[in-house]
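The values are calculated or read from the model by the stated rules, or taken from the named source; none is laboratory data. Worth saying up front: this structure is predicted, and the values here are computed from it rather than measured. Here the Cβ positions follow ideal geometry from the backbone for every residue, glycine too, while neighbour counts run over all protein chains shown.
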């Protein structure tokens, strides 16, 4: 339980990350609930815009995350200059990718939205929201870069507090800007976007203050540090982008099956997002510790940290799976009173109870491999599982076999089984030093 790589050390890093992600999830749910009071078209527009913004940002966040691996390994090796240079690289890459993301987002808003919906009111709402959010993406990605550095140093609590503060700012300003207050006129969709940007800015300020305290003044990165950061980050970004795109394609397939199946899938995703958060936190914690101990020349301890995180993730997410099996109907009833949608959603929670176990293994393994620099493997493995396993099986089960959303989720079970096996074999190489890019992590 205790000591280097033990479960206590893993939990100490993981729980603030889970709380921070929960707060961030609440931010998105709050926006959707409040904008729903404005009107259905406004709510649909914001939902569509948020999906597009996430698609645009996913790749660039992955690229920026490469600095975290260098920071964790440099910290483990006691190489202060490399940590400071990697911190400088995080700021440069975060700002650069932020402007790239803004350009990409504006293009998507102008040319992509008309292809997705013919409803003018929905398209106008989505466009207004995206224009504001996209212009603020440099702030968002610089914030993510700073957070990655702090997380690489093991400072995960700042992410929790920053998320809580940003969420509180967003909620307060949502009420003021969406509906108006005193001399402030109601702004609707634009108000929701501005409130979210304000929350992101608060998070950036908190990260910056903590960065100044913990890291100090970063150093200008050498060419080798920049190259290593990008070489680790690019496959991670491609993995995030293609994975998000694959999931979007699955959503399109479900839309063709029927509205009830699509709605049930969205409800089930909202429900399992709660059980996903502990697994995410444990995966990130395992990644930070794996990178640190590989950098310190302790691959066996790195392997122990991965194993500890995996055991806890299996316990928590397995427990959630049991809850889905026996209390699924009651949970679904909170979200819908439509008998058809409820019946489908209940069957999806049974599928989730199965893939929860494999997802727990996958999240920890992939985060660990990414943080030891093995991002090419994680990119290839996830791309194969998504595009060669999940999507073909989704079409086969959902359309050809007429299973609808249940078929799509059965395809996800197969995807997670494949990933669990492949990543499990790969992560076994961390213990004896066969897996891990020390040439990138430490520049040697």
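General observations
- When we screen 226, 245 for residues that are under 17 Å from residue 58 (Cα atoms), surrounded by fewer than 22 Cβ atoms within 10 Å (Cβ to Cβ) and modelled with pLDDT of 80 or more, the only hit is 245.
- As a summary of the residue check, residue 122 satisfies the conditions (1) more than 19 Å from the chain's Cα centre (by Cα); (2) more than 22 Å from residue 35 (Cα to Cα); (3) buried (at least 19 other Cβ atoms within 10 Å of the Cβ) except for the one numbered (2).
- Residue count for region 174-200, restricted to those that are part of a helix (DSSP H, G or I) and touching a helix residue (DSSP H, G or I) at 6+ places or on another chain (Cβ under 6 Å): 14
- Residue in region 228-240 that is farther than 30 Å from residue 391 by Cβ and assigned to a helix (DSSP H, G or I) present: yes
- Filter result (in contact with a helix residue (DSSP H, G or I) (Cβ under 8 Å, 6 or more places away or on another chain), at pLDDT below 85 and surrounded by fewer than 15 Cβ atoms within 10 Å (Cβ to Cβ)) within region 83-115: 114
- Qualifying residue in region 127-140 (condition: under 17 Å from the mean Cα position of the chain (by Cα) and crowded, with 23+ Cβ neighbours inside 10 Å): yes
- Condition met for residue 354 (within 26 Å of residue 8 (Cα to Cα), in the same structural domain as residue 411 (by TED's automatic domain parsing) and at pLDDT 90 or above): no
- Set side by side, the residues 397, 384, 401 differ, and just one is under 22 Å from the mean Cα position of the chain (by Cα) and free of Cβ contacts under 8 Å to residues at least 60 places away in the same chain, which is 384.
- Looking only at residues in region 272-300 that are part of a helix (DSSP H, G or I) and out of contact with any helix residue (DSSP H, G or I) (no Cβ under 7 Å at 6 or more places or on another chain), the one that is farthest from residue 335 (Cα to Cα) is 300.
- Yes/no for residue 150 being part of a helix (DSSP H, G or I) and farther than 23 Å from residue 15 by Cβ: no
- Condition check for residue 77 on (1) modelled with pLDDT under 90; (2) buried (at least 19 other Cβ atoms within 10 Å of the Cβ): one failure, at (1).
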